[in-house]
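Shown next, in structure tokens, is the structure this report addresses.
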Amino acid sequence: MLKRVSVFLYGVLCYGVFFATFLYAVGFVCNLYVPRSMDGPPSASLAVGLAVDLALLLLFAAQHSIMARPAFKAWWTRLIPEPAERSTYVLASSLALIVLFAYWEPLGGVVWSVTDRTAAIVLYSLCAFGWLLVLVATFLINHFDLFGLRQVWLYLTGQPYTHLTFRTPGPYRLVRHPLYVGWFFAFWATPTMTLTHLVFALATSGYILIAIQLEEHDLVQHLGAEYSDYRKRVPMLIPGASLLRSRQS
């Protein structure tokens, strides 16, 4: 019983670190209420700052992708309790982001700046919509399973883990990856696009497009024809894209 309680408390701790990191990420990207945000006066040369930022983004991308692969999970769960695997992944992702926040180098420079008040409010609203969509999308597919709490709770109560059934609630009927759509809005909708922000947005967008391919490969392997049919019916990121392609063809 002590092991079950320890794994459960570990899962709760990992979730707490994630949630605090998520809230900090909002402030970091939007330059709001955090001690170190994305933008600021440069403290290094452009070349050094760019190299540091890309290295930090690569660290996060590598951790996020490698630990999500089924082969890595199969190996990893030989070393840690299987119910704690997802929580450990969540913790590692949060720590990678914390390192990024701590060592990020502002690059300076402004790519665009929207001065019209109405347009700025629209962009801020789209950014807020993006962050909200990210959070809502996780709850629609089971937020607590995605971040490991369901696994450790079932282990604590002595119940076997059961995989979630494949569902397409709400925005999942419009696009296959509403969570990633939310990230695009959160990262790109800003009245002031600095060079620093642009590097961040470009790098994360490129990673998202790669991550989608890896994720969908795993989903096809796991769900088979059910997910393949879903891919044919529902576009990846842009609502109505499949219908538009069919009309053009």
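Apart from one condition, Ser87 fits all of (1) more than 18 Å from the chain's Cα centre (by Cα); (2) assigned to a helix (DSSP H, G or I); (3) among the small types (Gly, Ala, Ser); the exception is (1). From the list Ser228, Ser125, the one residue that fits, being farther than 30 Å from Leu9 by Cβ, modelled with pLDDT of 95 or more, part of a helix (DSSP H, G or I) and hydroxyl-bearing (Ser, Thr, Tyr), is Ser125.
Pick from segment 22-68 the residues that are outside any helix (DSSP H, G or I) and of a type in the set (A, V, I, L, M, F, W, C): which of them is surrounded by the most Cβ atoms within 10 Å (Cβ to Cβ)? Here the residue is Met38.
Among the conditions (1) under 19 Å from the mean Cα position of the chain (by Cα); (2) closer than 30 Å to Leu50 by Cβ; (3) assigned to a helix (DSSP H, G or I); (4) not basic (Lys, Arg), the only one that Thr196 does not satisfy is (1). Here Tyr161 fulfils each of the conditions (1) surrounded by fewer than 16 Cβ atoms within 10 Å (Cβ to Cβ); (2) under 26 Å from Tyr24 (Cβ atoms) apart from (2). Here is a check on your reading of the model: is Thr118 in a helix (DSSP H, G or I) and under 23 Å from Phe184 (Cα atoms)? So Thr118 passes the test.
Let's see how each residue does on (1) under 30 Å from Phe8 (Cβ atoms); (2) hydrophobic (A, V, I, L, M, F, W, C); (3) in a loop (DSSP other than H, G, I, E, B); (4) touching a residue at least 40 places away in the same chain (Cβ under 8 Å):
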residue	(1), (2), (3), (4)
Tyr161	yes, no, yes, yes
Thr168	no, no, yes, yes
Tyr172	yes, no, no, yes
Arg176	no, no, yes, yes
Val181	no, yes, no, yes
His217	no, no, no, no
Val220	no, yes, no, no
Lys232	no, no, no, no
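The values are calculated or read from the model by the stated rules, or taken from the named source; none is laboratory data. Treat the numbers as computed from the prediction; the structure is a model and nothing was measured. Please note: Cβ atoms are built from the backbone with ideal geometry, for glycine as well, and neighbour counts cover all protein chains shown.
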